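Some notes on the structure that comes next.
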Amino acid sequence: MAFFGFWRGHLVLIVCSSLHHDHDCKFAKLASLIHSKHGYTQFTKPKVDVQTFVAIRDNILSRKLGISMLYFLDSRYCVCPYGWLPRQSYQQLLQQRKNVNFKTVNTIISCGFVIRRKQSETNSDKRTTPVELDDIKNDTASTSNLVYQNVANIRRPVKGVEEAAAPEEKEELYSEAEDGKPKPIPVAEFAKYYKKNSSNGAIVLREEFKNLHGGMQYSWEIGKNNRVKNRYGNIVSYDHSRVVLEKIQGDPKSDYINASYIPTFDEVSMCYIATQGPTSVTISDFWRMIWQEDCLTIVMLTNLVEMGKGKCDQYWPDTTTKFGSITVTLHKTETFADYVIRTFILVKDSEKREVHQFHYITWPDKGVPQHSGALLGFRWKIRARHQPTGGPLVVHCSAGVGRTGTYIAIDAMLERAKENKTVFIQNYVQVMRKCRPHMVQKDDQYVFLHQAVMEALTCGNTEIPPQDLRITMNRLSRVHKPTKRTGYAREFKRLELVTGTQPSEEEAAAAFKPSNINKNRFPNIVPLDSSRVVLQSSDQDKEYINASFVDDYRQRNAYIMTQAPLDNTIGDFWRMISQYHIGTVVMLNCLKEGNESYPQYWPTEGSVKYGDVTIQILSENTSNNITTRRFRVLNAEPPKKKSTVQHLQFTGWTNCDSCPDPQEILDLLTAVQQAQQQTGNGVIVFQCSDGVGRSGCVSSIMSVIERVKSEQTVDVFQSIKLIRAKRTGAVDTMDRYEFCYKTIQAYLDSFSTYANFAEC
């Protein structure tokens, strides 16, 4: 059965498989609701047979038809409280795909477009901005009054249409209900909401998590009977929401895989499949699912082995492997600091498909990433490449519930925020758990989910095409009248809001130990325990140095940012250089700056011994504001190590000066690249007076340029944010923040066309 009509100027198609009993009453109520609230009255009711039903579904899902919204019921995925139970309809539909009555399809679609044209003529002055279907749903869905609709091959619980009502004004939607039940939170208020509920160890959010419905809620008999295909005995797909594979002849259990359909917030834009990490037994089933569901994107959130335990079998080949009837070839691998992107070519019979796997490698099992910035960048990358015309987005970790549920919730809530300008995390986690047990497994994950959404909403997407950078900078330089601040100042304030300016004693416990306090040049500029450089020593009091690892765009721990050595830490500095095989040191301060003096930590001639490390100068030359020195470093500690270090000192930027000419920094980075080529492209040490200001600028600029070369994308904000996640306070002033933009623009200006910098 199918209905056509109009809602907010959009053609709406409501479809029900004719294999089931008549649901006219429910569709009529939905049509009546749309009519009563939005004034659209004309609906048609053509009959749809099985073949036509398949054609309509497949064509709409592939976006070949100009239909904006779709309500779709199919017992393959739905549990109906009215007694409409799952049957074998999907297999019958599959068998009849080849005999589709396209004439009937065209008649139905034509009918809808005729109505739309007539409606356009009579109601053109009534059209308003489209409002998504969430406006007529009760987001506090209960288990006792649900209609399960299936859109784009998913199932999602929504309030029964006979009770749904759209508010006259949006404010009513967000006001507290008399019964105290939670309501959606407007995007503009979410940061305030998060700050309030995340204080005191996020006790409010943790209590909220405890009150979510946990455990098994629905039948999982089929999963019980396929125990060998379940990685964990207590994480099994529900019968009603499981992905049903096409059976292999002669194998009655071949339709099972531990995977579940998960809805998006609006049932229109995209859907998900949450699944476990494949085992050796289920790898072929996994690829069968990818092919059957036309999935073009896989999100992997676990490593193969974690803490010495196997978490997921490697289900992809190093070259080419055949899994059943599907041949999988690894076509390309792209490696970044926190994730890897693999491109596969799948071939079955004569058909070929390209599938992308996005593998996040820094998310601990049952835990959370240390910072959300890298994960949000990972999500942006997926969103940029994922094809919504394909099948569901496949997301898996090890069990397919903790990290998987957290990622899906982040993605769905950010899509909801974009479309509806509201966030409703508590409700969405409940919705996911009706489809797959234990989604968002730990309270830490629940808190992290809120933090990630808050950060994404606060920061937004700050990627800029290179050709638009100058226009963007002109906009950022203008004063915003309501706040009386430039765009740079407002952006820098957002940066400080989500990153902070100094670590707490809990986050930097080592730095605040009594034995280490005198090793910090500034008491409030110290390394985080999670990213600090640890010196190798049998004496714990000799393990500390005020230095932090930070990431480049593509490489973890690509740089070390550190303060100018104190008299009592020069030996520690050279131990770090030796132990971590440093080949390039970039010094960004002078020995005398205003009233401040910094010790010279190298010999002018011959050699000097600092503790167990002997430093011998080999050469020194100066060009403009760059002095290049070559040292031989010999560490007497076993095993005795000898290395050569390039030391580049930039003297054109004192701490009390305004920022230098951008071209001088570009010249410095050219010298750094040359030094890296000579010393083996190891970790680069950036050292300035405090290890955050000038060091943060130069390392951020270098990282942004690497991304420009690789992806033709500029993102100064995110680059600095990710560096601040490892070294709090990096790029410490708004002037230096603006200087980073100016230097990137100078880099782009050095090319005749922006298409050429990728070759540099």
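The values are calculated or read from the model by the stated rules, or taken from the named source; none is laboratory data. No experiment lies behind these values; they were computed from the predicted model shown. Positions of Cβ are generated from backbone atoms using ideal geometry, with glycine treated the same way; all protein chains shown enter the neighbour counts.
Details
- Test set (1) over 30 Å from the mean Cα position of the chain (by Cα); (2) touching a residue at least 40 places away in the same chain (Cβ under 8 Å); (3) assigned to a loop (DSSP other than H, G, I, E, B) - Gln676 fails condition number: (3)
- Listing of strands (runs of 3 or more DSSP E) fully contained in the range 566-636 that carry 2 or more residues being touching a residue at least 12 places away in the same chain (Cβ under 8 Å) and basic (Lys, Arg): 626-635
- Exactly one residue out of Lys253, Lys229, Lys247 is farther than 30 Å from Gln426 by Cβ and touching a strand residue (DSSP E or B) at 6+ places or on another chain (Cβ under 9 Å), and it is Lys229.
- Between Gly487, Gly500, the distinction of being small (Gly, Ala, Ser) and touching a Lys or Arg at 6+ places or on another chain (Cβ under 7 Å) belongs to Gly487 only.
- The range 738-756 residues that are farther than 22 Å from Leu476 by Cβ, paired with ones that are small (Gly, Ala, Ser) and at pLDDT below 95 (beta carbon under 7 Å, 6 or more apart): none
- Qualifying positions in the range 265-285 - closer than 21 Å to His438 by Cα and crowded, with 23+ Cβ neighbours inside 10 Å: Phe265, Cys271, Tyr272, Ile273, Ala274, Thr275, Gln276, Gly277, Pro278
- Residues that are surrounded by 13 or more Cβ atoms within 10 Å (Cβ to Cβ) and over 20 Å from Val395 (Cβ atoms) within the range 221-246 comprise Ile222, Asn226, Asp239, Glu246, listed in sequence order.
- Answer from Ser175, Ser219, Ser269, Ser254 - the residue that is more than 29 Å from the chain's Cα centre (by Cα) and modelled with pLDDT under 90: Ser175
- Unmet requirement for Asp552, which otherwise passes all of (1) touching a strand residue (DSSP E or B) at 6+ places or on another chain (Cβ under 6 Å); (2) more than 23 Å from Ala511 (Cβ to Cβ): (1)
Yes/no per residue for (1) closer than 30 Å to Tyr553 by Cβ; (2) surrounded by 21 or more Cβ atoms within 10 Å (Cβ to Cβ); (3) over 24 Å from the mean Cα position of the chain (by Cα):
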residue	(1), (2), (3)
Arg288	no, yes, yes
Glu293	no, no, no
Glu306	yes, no, no
Gln314	yes, no, no
Pro317	yes, no, yes
Phe323	no, no, yes
Thr327	no, no, yes
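Each row is one residue, and each column tells you yes or no for (1) surrounded by fewer than 19 Cβ atoms within 10 Å (Cβ to Cβ); (2) over 29 Å from the mean Cα position of the chain (by Cα); (3) among the aromatic types (Phe, Trp, Tyr); (4) not in a helix (DSSP H, G or I).
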| position | (1), (2), (3), (4) |
| --- | --- |
| Arg490 | yes, no, no, no |
| Lys493 | yes, no, no, no |
| Ser504 | yes, no, no, yes |
| Asn518 | yes, yes, no, no |
| Phe522 | yes, yes, yes, yes |
